[in-house]
Amino acid sequence: MEVTRVEQHVYIKITVLRGRNEMECHSEFVEALGNNALPYRIVARWVGKLQQGRVTTSTEQRSGRPLSVRTDLARAVIEQLMDEDRRSRQQTKTDRETHNKLIAMPILCVLCCHSFAP
């Protein structure tokens, strides 16, 4: 039978309420679950938090990278940014081509005029 992490967290809470320390709690886990037991460090951390007054056994949401960025809103924002970037690149390319033509025309005119000059 498999015991989830959440179930182990609940058991840690029960052992803390019974007055046991992290070493006793972890040894009971190892005896019952073997290799599937939570590591001692995690058990000790949970025992400490529960002794300090933590009430819930669910994992708190942490700051940093989200579990998933595949939401419709995120996808829409990313697509919009990519479209704007594409349009920006196309506009830059068009501006560069126009700029090159504007520079090339006077040079061609000068060259043409010199060839016809006496």
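The values are calculated or read from the model by the stated rules, or taken from the named source; none is laboratory data. Quick caveat, the model's predicted, so the values are computed rather than measured. Note: ideal-geometry Cβ built from the backbone for every residue, glycine included; neighbour counts use all protein chains shown. Just the protein is used for accessible areas: all its heavy atoms, side chains included, with ligands, DNA and RNA removed. Shrake-Rupley method; radii C 1.70, N 1.55, O 1.52, S 1.80 Å.
Can you check what the net charge comes to around Ala37, using other residues whose Cβ is under 14 Å from the Cβ of Ala37 (Lys, Arg +1; Asp, Glu -1)?
-4
In what order, largest first, do Asp83, Asp95 sit by accessible area if the probe radius is 1.4 Å?
If we order Asp83, Asp95 from most to least accessible, we get Asp95, Asp83.
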